[in-house]
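The structure appears right after this line, and notes come after that.
The values are calculated or read from the model by the stated rules, or taken from the named source; none is laboratory data. In this text, all values refer to a predicted model and were calculated from it rather than measured experimentally. Methodologically, a virtual Cβ is constructed for each residue, glycine included, from the backbone with ideal geometry; neighbour enumeration extends over all protein chains shown. Side chains are part of the model used for accessible areas, which takes the heavy atoms of the whole protein and leaves out ligands, DNA and RNA. Shrake-Rupley method; radii C 1.70, N 1.55, O 1.52, S 1.80 Å.
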Amino acid sequence: MANSRLNALYVLKILYDYSDEEHILSNSDIAKKIEKIYGQSLDRRTISSAINDLQDFGIYISTYLDNRSGYYLETRELEESEARLLIDAVFSLSYISEAQSKDIIKKLLETQSIYKRSMSRYINKIERSSEMKSTNKEVFLNVEVINEAIDKARKIKFTYLEYGLDKKLHPRREKPYIVSPHEMLAMNNKYYLAASAEGHEDVVLFRMDFIDGVEILDEVKEKISDYEIDRLIKKATYAFIGEAERIVMRCDKGILGYVIEEFGLDINIRDESEKYFIADFRAPSNGIEYWALQFLPYVEVLEPKELRENIIDSIKANLYKDF
């Protein structure tokens with residue numbers, strides 16, 4: 001006989017692994033699986049009592065009264081659609097390595113019944129995305145260490161990497177970076193650390209997948225309010241942050257959706273002609289320069305003057321200038 005204190009756990013585990021709307025278990029099915037997997041013998045009354053206890057505890061289990069067939073687990077930590085959505089997000093995030101992606105996907109699939117846990121449907125997708133994945137396997141360790149440093153209000157030291165012509169990551173410089181870590185955030189499918197670099201007042205962003213060998217120092221980190229961090233990050237464009245200034249652009253109406261997605265709904269938009277509209281908002285100018293060059297045939301920056309001139313200089317200096 002099974003230990004009575006474990007009966008409910010045996011039943012719950014069987015329902016968790018082997019039941020869903022398409023796979024409903026009878027009392028006999030549950031008993032057979034418990035005996036086969038755990039070597040314990042539970043009778044019909046014991047199983048029914050365990051299910052009642054689980055329901056009283058707040059676990060939603062569909063019963064004969066509901067479906068006229070048997071038992072299945074009605075709710076899980078993640079619905080199937082939620083698990084699939086998160087799996088797709090893992091594929092799109094380049095800072096998660098191929099091995100770590102597989103591990104996370106496996107954990108997400110384990111929130112579902114065994115009939116929905118097959119990794120085979122994702123293997124080709126993982127292999128296709130592997131060339132875009134980071135080769136830095138310390139990202140998750142870095143997250144843990146940096147979180148600890150933020151909680152303890154301590155500075156950190158690390159080596160910052162960049163790609164070489166051999167397509168491998170190498171230290172950007174010999175001297176390690178010493179910074180005050182403030183916040184980690186996802187932006188443009190990348191993961192960044194917002195920090196104040198030693199000797200500089202500005203908050204800068206460091207790619208988390210380019211950070212290596214993080215160490216927590218004894219030095220107390222610089223204090224910046226959450227409001228100030230949010231203010232700087234809110235208007236960031238292409239991971240460029242800084243003091244926001246007024247930006248005025250003439251844009252082709254064909255890219256209206258891109259403008260709203262990038263700069264939000266709080267921008268001012270006015271119709272100028274049949275083809276163009278004017279966008280008026282506030283953002284760091286260095287990020288706008290990079291963004292505007294991506295949409296060169298469709299965007300003309302009007303203000304500020306210095307930003308407009310920088311873009312003109314970039315256009316004059318482009319590699320296609322002799323054509």
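Only residues that are farther than 20 Å from Leu25 by Cβ, open to solvent by less than 30 Å² (accessible area, probe 1.4 Å) and not hydroxyl-bearing (Ser, Thr, Tyr) were counted across the range 71-108, and they come to 7. Sort out which residues of the range 297-323 are open to solvent by 70 Å² or more (accessible area, probe 1.4 Å) and closer than 18 Å to Glu261 by Cβ, and write them in order of number. Across the range 297-323, the qualifying residue is only Tyr298.
Taken over the range 249-273, the criterion of being among the aliphatic types (A, V, I, L, M) and either open to solvent by 30 Å² or more (accessible area, probe 1.4 Å) or in a helix (DSSP H, G or I) (or both) is satisfied by Ile255, Leu256, Val259, Ile260, Leu265, Ile269.
What is the residue count in the range 197-229 for residues that are of a type outside the set (Asp, Glu), assigned to a strand (DSSP E or B), out of contact with any helix residue (DSSP H, G or I) (no Cβ under 6 Å at 6 or more places or on another chain) and open to solvent by less than 60 Å² (accessible area, probe 1.4 Å)?
Residues of the range 197-229 that are of a type outside the set (Asp, Glu), as a first pass: 197, 199-200, 203-208, 210-211, 213-214, 216-217, 220-221, 223-225, 227, 229.
Subset that is assigned to a strand (DSSP E or B): 197, 203-207, 211, 213-214, 216-217, 220.
So of that shortlist, the ones also out of contact with any helix residue (DSSP H, G or I) (no Cβ under 6 Å at 6 or more places or on another chain) come out as 197, 204-207, 213, 217, 220.
Those still in the list that are open to solvent by less than 60 Å² (accessible area, probe 1.4 Å) too: 197, 204-207, 213, 217.
Count: 7.
For the range 294-312, a residue qualifies if it is modelled with pLDDT of 90 or more and part of a helix (DSSP H, G or I), and the qualifying residues are Lys305, Glu306, Leu307, Arg308, Glu309, Asn310, Ile311, Ile312.
For the range 14-47, the set of residues classified as hydroxyl-bearing (Ser, Thr, Tyr), farther than 26 Å from Lys107 by Cα and crowded, with 16+ Cβ neighbours inside 10 Å consists of Thr46 only.
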